[in-house]
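Scroll down for the structure; my scribbles are underneath it.
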Amino acid sequence: MSLAERAARERLLEKARASANACRLCRMGSERRNNVYGEGDPCARLMLVGEGPGETEDLTGRPFVGRSGQLLEKMLGAIGLAREDVYICNTVKCRPTDPGPRGPKNRAPEPAEMANCRPYLDEQIDIIRPTVILALGAPAAKSFLGKDFQITKQRGRWFEGPQGIALMATFHPAYVLRQTGGELEGVKRMVWADLKAVRDKLAEPAPGRVDQPPEQVGLFGEGA
Ligand code: SF4
């Protein structure tokens, strides 16, 4: 990737970020503290798409920070990637909330809100043109693959995503963090299998790309 191409993508992303920041199409656009547009390498081969920002993301304006973000970074490290090597974003750029006794509490984005925000996600995909999209969690996967997608049955499989980009879904880090005991071990095994498949897909020769495949260093103590 030439420096000129990288700079051009950075400019396009900054322009799109400014548009998203000014957007008030949904109610949450006026309620959020920060627009969480996305961040990462504009030339990334791997794009991670989650559901939507939570409280820490809303506070910082950055996707996947806090405990979920730490686990995500560990997951990426297991396939030899740093956070800076990938692009991370969500299906909606503003934090969806409901009123709660101790202030706003997270809620799932409504289909209409995801539809409102989809042009921003599509634009990110157009600009970055990743080799692989990894949807994190069922809502993100459904936004690409339809409402009948079942994460427990269909995670770990390859699908054709936007623009023919290889797309897979795996469990959201927050879901992994909620598991305990034997269920946690099972979920960790499944996520690790999915990550290895992503690593292998990224190692396939890509037309016009000369990137080296990432090294894999292990996740949750499992071997390759
Ligand atoms: S979630 Fe997306 S579409 Fe809705 S207000 Fe925020 S930026 Fe605009």
Pick out, from 48, 60, 26, the residue whose Cα sits farthest towards the positive end of the charge dipole of the chain, with +1 on the Cβ of Lys and Arg and -1 on the Cβ of Asp and Glu.
26
Positive-end residue, the chain charge dipole about Cα centroid, Cβ charges, pick of 132, 75, 145
145
Quick one: if the Förster radius is 30 Å, what FRET efficiency do residue 183 and residue 158 give, using the C-beta to C-beta distance and rounding to 0.05?
0.75
Label segment 1-74 by shape, choosing from rounded, prolate and oblate, from the square roots a ≥ b ≥ c of the eigenvalues of the Cα gyration tensor; if a/c is under 1.5 it is rounded, and otherwise prolate applies when a/b is larger than b/c, oblate when it is not.
oblate
Can you give the local net charge around residue 162? Use residues other than it whose beta-carbon is closer than 15 angstrom to its beta-carbon, Lys and Arg +1, Asp and Glu -1.
-1
First obtain the Kirkwood hydrodynamic radius of segment 3-132 from its Cα pairs, then insert it into the Stokes-Einstein equation at 25 °C and 0.890 mPa s, and state the resulting D in µm² per second as a whole number.
163
In Å and on Cα atoms, what radius of gyration and Dmax does the chain show?
16.9, 54
At residue 22 and residue 82, where each label point lies 7 Å from the Cα along Cα→Cβ, what is the point-to-point distance in nanometres?
3.4
Can you give me the long-range amide H partners of residue 166? Hydrogens built in the peptide plane at 1.01 Å from N, cutoff under 5 Å, separation of 5 or more residues or another chain.
133, 161
Counting DSSP beta bridges in the chain, what percent are antiparallel, to the nearest 5?
30
Please go through the residue pairs 15/188; 142/196; 93/153; 153/196 and name each one whose alpha carbons sit more than 26 Å apart in this structure.
15/188; 93/153
Could you check the simple spin-label distance between residue 1 and residue 112, using points 7 Å along Cα→Cβ, in nm with one decimal?
3.7
For the pair residue 10 and residue 203, how long in nm is the line joining their label points, each one 7 Å along Cα→Cβ?
3.2
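The numbers here are math on the coordinates, done by the rules we state, and not lab data. Remember, predicted model here, so these are calculated numbers, not experimental data. Don't worry about glycine lacking a Cβ; one is built from the backbone with ideal geometry, like all the others, and counts go over all protein chains shown.
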